[in-house]
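Written below as structure tokens is the structure these notes are about.
The values are calculated or read from the model by the stated rules, or taken from the named source; none is laboratory data. Note that the structure is a prediction, hence the values are computed from the model and not measured. A quick note on method: Cβ atoms are made from the backbone with ideal geometry, for glycine too, and the neighbour counts reach across all protein chains shown.
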Amino acid sequence: MTSTILITGASSGYGRATAQHFLDRGWNVVAAMRRPDPGLFTGALERLRTVRLDVTDEASIADARDAALAAFGGVDVLVNNAGIGLLSAFEATPQAALREIFETNTFGVMNVCRALIPHMRKQGRGGIVNVTSSTGMAPMPLVAVYAASKWAIEGFSESLAYEMERVGVRVRIVEPGFGPSTSFGANSAHRLEGLTPPPYDAFARAYFERMRDYPTNYTSEADVAEAVWRAATEAGNRLRYAAGADAELVADLRWGNSEADFLARVRALFVPA
């Protein structure tokens, strides 16, 4: 039988690339987005459904789930990819922006998981892949709120994995580095003026200059699509998948060093003198 995947945030960036990756490999794909557009994809469109889904709207999540079940009879893998980025000094971050980040990046993931888990539990199999960020391993300056929203999902996913394995459902985490679909990309939803005010402005400019001379390539959409593919299809109990050379670098720093060495090396990479 053909496997079915439901991907949130599939209209652009990592989500769109991942949806196309699975469609190209023979899967049924439910590409969920706030404004459905089947013209975003190519190939065997009879195996594609584009559905409306806003991760902050539980009714739309239920409708998207039901549409997927009606079209393909089940969902084998859920990919929680939808998210928004934020670059800001914490003290300058409006409360409304902070809440929006958590409503989407944290509670949105939980909302979608809660809607799909009963189906997966009843069918006795499935996979949940939560896309977080390399900031979930190594937070850098000016992403305190964004990193907190992703760290919450790291902890949520690790705990959930123990609950779900007993009913045949695997939980994995994909951790992309910096790229066009992250908080550092030009398309960030929240790269707002005034969020790095004095005395942070000079620090922020020096930081961004340093990031332009990063020691590895940044993460591509293809890197994330391939990491999600492996997370969705590999057997075993692996939990985390770094996506992209830059994410692999920080994974090595995080897990291959003492805390003191890790913090010193992160400061050397990210923090201007």
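Picking from residues in the range 157-172 that are assigned to a helix (DSSP H, G or I) and over 14 Å from Leu78 (Cβ atoms), the one that is nearest to the chain's Cα centre (by Cα) is Glu158. When Glu91 is tested against the conditions (1) farther than 28 Å from Ala245 by Cβ; (2) at pLDDT below 95; (3) buried (at least 20 other Cβ atoms within 10 Å of the Cβ), the lone failure is (3). Of the residues making up the range 1-32, those that are assigned to a loop (DSSP other than H, G, I, E, B) and either aromatic (Phe, Trp, Tyr) or surrounded by 24 or more Cβ atoms within 10 Å (Cβ to Cβ) (or both) are Thr8, Gly9, Ala10, Trp27. Against the conditions (1) surrounded by 15 or more Cβ atoms within 10 Å (Cβ to Cβ); (2) out of contact with any Ser or Thr (no Cβ under 8 Å at 6 or more places or on another chain); (3) free of Cβ contacts under 8 Å to residues at least 24 places away in the same chain, Pro118 satisfies every one except (1). Note on the range 64-95: residues that are within 19 Å of Arg34 (Cα to Cα), touching a Leu at 6+ places or on another chain (Cβ under 8 Å) and not hydrophobic (A, V, I, L, M, F, W, C) total 1. Within the range 33-53, at least one residue is more than 28 Å from Tyr218 (Cα to Cα), surrounded by 24 or more Cβ atoms within 10 Å (Cβ to Cβ) and not hydroxyl-bearing (Ser, Thr, Tyr). Residues in the range 124-146 that are in a helix (DSSP H, G or I) and over 12 Å from the mean Cα position of the chain (by Cα): 2 in all. Tell me which residues, restricted to the range 217-264, are over 23 Å from Gly26 (Cα atoms) and part of a loop (DSSP other than H, G, I, E, B). Once the filter is applied, which keeps residues that are over 23 Å from Gly26 (Cα atoms) and part of a loop (DSSP other than H, G, I, E, B), the range 217-264 yields Asn217, Tyr218, Thr219, Asn237, Arg238, Leu239, Gly244, Gly256, Asn257, Ser258. Against the list (1) modelled with pLDDT of 95 or more; (2) over 16 Å from the mean Cα position of the chain (by Cα), the condition Glu226 fails is (2). Among the residues of the range 57-75, the ones that are within 23 Å of Gly155 (Cα to Cα) and either surrounded by 16 or more Cβ atoms within 10 Å (Cβ to Cβ) or touching a Ser or Thr at 6+ places or on another chain (Cβ under 9 Å) (or both) come to 1 in all.
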